[in-house]
Amino acid sequence: EADIYQTPRYLVIGTGKKITLECSQTMGHDKMYWYQQDPGMELHLIHYSYGVNSTEKGDLSSESTVSRIRTEHFPLTLESARPSHTSQYLCASSESPIKGAGELFFGEGSRLTVL
Amino acid sequence: GIQVEQSPPDLILQEGANSTLRCNFSDSVNNLQWFHQNPWGQLINLFYIPSGTKQNGRLSATTVATERYSLLYISSSQTTDSGVYFCAVEDYGNNRLAFGKGNQVVVIP
């Protein structure tokens, strides 16, 4: 059973606001990921990290940024939210096998609505 | 990058029926997972199955890596099985998963 937590679960904000979506895991996993998912659609990777001080952009271009100062924490920040950022954001983590992504475990997701 | 195709895209089942969901992928993989996304949006791990067969209760999965496909079997379906089933794969040398578009399953009582 994986323990990975996201806050807030739901957020409605106005255009131009700065927001941070929090993601924490208690399994000591090295690898963490952020996926973006529009309703009824597939998941797209926007950021990932292999460990502390490691961050990479994913396959889908995103105006968000991430940081990895502690192993257990991988926050995602939008400096100036726009309606086009309305989506669900899913955080995941995995153990770090010698090769590959490993088995991913997801948090409950953060649903963002920008008015 | 690797392509992932899931079929059928939509499926309506009578409670108690069995079904098979399919995931085809375009290249060799070293990681394949099946997830169930519940109506609240959370993704639940079902199987980590880069090859072979696994069973968990009424669900089972088989991956034939040499033929580039995986199957998810749901037996004696229940209304709680409703949701979207995602297949995700990772190709060799690429340390992240690519997701298919999902199988939307509705189980009616």
### Message
7 Å from Cα along Cα→Cβ at both A:T77 and A:T113: what's the point-to-point distance in nm?
### Response
2.7
### Query
Principal axis lengths of chain A from Cα atoms, whole Å, largest first?
43, 29, 24
### Message
List, by residue number, every residue in the range B:64-109 with a reduction of 30 Å² or greater in accessible area between the chain on its own and the complete protein assembly, 1.4 Å probe.
### Response
B:F86, B:N95, B:R96, B:L97, B:F99, B:K101
#### Entry: Gyration tensor verdict on the range B:38-79 (Cα atoms; rounded if a/c is under 1.5, prolate if a/b is larger than b/c, oblate otherwise)
prolate
### Message
As an exercise, use a Förster radius of 41 Å and the Cβ-Cβ distance of A:T7 and B:A65 to find the FRET efficiency, rounded to the nearest 0.05.
### Response
0.60
### Query
In the full protein assembly as shown, how much of B:K101 is accessible to a 1.4 Å probe, in Å² to the nearest 10?
130
### Message
Explain nothing, just compute: Karplus ³J(HN,Hα) = 6.51 cos²θ - 1.76 cosθ + 1.60, θ = phi - 60°, for every residue of the range B:36-45 in order, whole Hz, x for Gly and Pro.
### Response
10, 9, 7, x, 8, x, 7, 9, 10, 5
#### Entry: the range B:92-101 - phi-based ³J(HN,Hα) in whole Hz, Karplus 6.51/-1.76/1.60, Gly and Pro as x
4, x, 10, 7, 8, 8, 10, 9, x, 7
### Query
Taking amide hydrogens as modeled 1.01 Å from N in the peptide plane, which residues meet the under 5 Å criterion relative to B:I44, leaving out close sequence neighbours?
B:H36, B:Q37, B:N38
### Summed buried accessible area for A+B [probe radius 1.4 Å, Å², rounded to 100]
1800
### Query
In a solvent-free Debye calculation with one equal scatterer on each Cα, what is log10 I(q)/I(0) for the range B:9-95 at q = 0.14, 0.23, 0.24 Å⁻¹, listed in the order of the q values?
-0.48, -1.17, -1.24
#### Entry: Distance (nanometres) between label positions extended 7 Å along Cα→Cβ at B:E15 and B:V106
1.6
### Message
Once neighbouring chains are kept in place and the probe is 1.4 Å, which whole percent of the accessible area of the protein assembly as shown is contributed by carbon and sulfur?
### Response
50
### Query
Hull surface divided by four, with the convex hull built on the Cα atoms of the protein assembly as shown: how many nm²?
11.9
### Query
Under a 1.4 Å probe, what is the accessible area of the protein assembly as shown per residue, stated in Å²?
48
### Task
Obtain the nm distance between the two label points defined at A:M41 and B:N38 by a simple spin-label model: each point lies 7 Å from its Cα along the Cα-to-C-beta direction.
2.5
### Task
Would you kindly state how much longer the chain becomes between A:K18 and A:E95 on full extension, computed as 0.36 nm times their sequence separation minus their alpha carbon distance, in nm to one decimal?
24.6 nm
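The values are calculated or read from the model by the stated rules, or taken from the named source; none is laboratory data. In this text, all values refer to a predicted model and were calculated from it rather than measured experimentally. Neighbour counts are summed over all protein chains in view; Cβ atoms, including those assigned to glycine, are modelled from backbone coordinates with ideal geometry. Each accessible area value is taken on the protein alone, full model and side chains, heavy atoms only, with ligands, DNA and RNA left out. Shrake-Rupley method; radii C 1.70, N 1.55, O 1.52, S 1.80 Å.
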